[in-house]
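All remarks here apply to the structure that follows.
Since every read-out is calculated from the coordinates, none of them should be taken as a lab result. Bear in mind that the values here come from a model prediction, so they are computed numbers and not experimental data. Cβ coordinates were reconstructed from backbone atoms using ideal geometry, including for glycine residues, and neighbour counts include every protein chain displayed.
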Amino acid sequence: MSSGVQRKLTTILAADAEGYSRVMEADEVRALGALRAARSIFSKFIERHGGRIANTAGDGLIAEFPSVVEAVQCAIEVQRELVGRGGAPGDTLRFRIGVHLGDVMVDNGDLLGEGVNLAARLQTMAEPGGVLISQQVYDQVHAKLSVGFEYLGEKRPKNFAEDVAVYRVSLGKKQRSAAPGARKARPTPRPEHAPSASGDLRERVIRHAQLLGAMWAVVFVVDLTTGSPFWAHWPGLAMAALVALEAAPLFVRGRFRIQCARGVVIVGALVLINLFTWSGYPWVLWPAGALIVIGLIGRLGVRSR
């Protein structure tokens, strides 16, 4: 690494004005005035929340914060302030904001690297006047801020090899502090394949495994008491496959990898069925081969996008 360039983990806020070129074409003086007013608002709230403006280019900016919570709170307050200003068309600008927690390079105060790129991509995916955050940011703030969060699914940012989980921040009025002892509003539920949901998913898988295990124990006892032929292995196989399919996201990340893991579970179940019904012919090779071919085709399709 060249002299003067350092790496660090920080929270990046990327912002860009929507339709600034169009406003500039209509009235350059008014557009410049609106941009200066917006930058003043950004500067005020960024400083208030302990951040700093690292990069500016045209109608956009990159800021960093040592606190993830302060970064998101800053984004919320900036958007509320910009909306609250009102004014005639052309006197105000609407901004898109993206926030990400990641590793960056610092070169003479400028922020560079994939962490900055992801924050910028989140910004481009946001609606005018909106705020999008990454999974890493959501993990840190969802229980600390009394605003809503909407999971938008896993998106593929431009020029990124992997999908990333994206959340939209609700910009409604912040809830007032609840009275002592009042129950805190629960955050928006997250899907089981989101990385931060692994703790909840693990508990759910364990709970389901215990329940199905107890059910199979009853089935096994019933099978023993009713005599031959032995049949309890069939419901046992089905129960084990269900638990394994549910647990797949705990061992892999990314939509394709989860699908691949679940495909392995299905193939394993088919192999056991083939063995349980063995008649001298390994018919499992046909469905297993078909699943492998489908998986490879899907993988090639993902890479070509």
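In order along the range 19-34, the Karplus-derived 3J(HN,Hα) couplings, from 6.51 cos²θ - 1.76 cosθ + 1.60 at θ = phi - 60°, round to x, 5, 4, 5, 5, 5, 5, 6, 7, 5, 5, 5, 5, 5, x, 5 Hz, and Gly and Pro are given as x.
Applying a 10 Å radius around every beta-carbon, put 239-245, 164-170, 283-289 in order of their mean neighbour count, most first. Let's see the in-between values first.
Numbers: 239-245: 17.3, 164-170: 21.1, 283-289: 13.9.
The packing order, highest mean first, is 164-170, 239-245, 283-289.
Note: relative contact order over the range 5-190, using C-alpha pairs below 8 Å and six or more positions apart, is 23 percent.
A simple rule links phi to the HN-Hα coupling: the Karplus curve 6.51 cos²θ - 1.76 cosθ + 1.60 with θ = phi - 60°, which for the range 232-246 gives 5, 5, 5, x, x, 5, 4, 5, 5, 5, 4, 5, 5, 5, 5 Hz, with x for Gly and Pro. Taking amide H as placed 1.01 Å from N in the peptide plane, the amide H of HIS49 sits under 5 Å from none that are at least 5 places away or on another chain.
Provide the gained length on full extension for the span VAL69 to TYR281, in nm with one decimal, where the gain is 0.36 nm per separating residue minus the Cα-Cα distance. Could you put the intermediate results ahead of the total?
Values: separation 212, 0.36 × 212 = 76.32 nm, distance 6.05 nm.
Here the answer is 70.3 nm.
For PHE149, the residues whose modelled amide H falls within less than 5 Å of its own, excluding neighbours fewer than 5 places apart on the same chain, are SER170, THR188.
Taken along the Cα-to-beta-carbon direction at a fixed 7 Å, the label points for ASP103 and VAL293 span 4.1 nm. Can you give the FRET efficiency to the nearest 0.05 for SER228 and GLU162, using r as the Cβ-Cβ distance and R₀ = 51 Å? After rounding, the FRET efficiency stands at 0.50. Sum up the charges of everything whose Cβ sits under 11 Å from the Cβ of LEU101, counting Lys and Arg as +1 and Asp and Glu as -1, but leave LEU101 out. So the environment of LEU101 carries a net charge of -3. Shape of the range 198-304 from the C-alpha gyration tensor: oblate (a/c of 1.5 or more and a/b not above b/c, with a ≥ b ≥ c the square roots of its eigenvalues).
Among TYR151, TYR138, which comes first, then next, by fewest other beta-carbon atoms within 10 Å? Write out the running numbers ahead of the final one.
Numbers: TYR151 17, TYR138 26.
The fewest-first ordering by Cβ neighbours comes to TYR151, TYR138.
May I ask you to compute the full-extension gain from GLU18 to SER43, defined as 0.36 nm times their residue separation minus their alpha-carbon distance, rounded to one decimal in nm?
Working: separation 25, 0.36 × 25 = 9.00 nm, distance 1.85 nm.
In short, 7.2 nm is gained.
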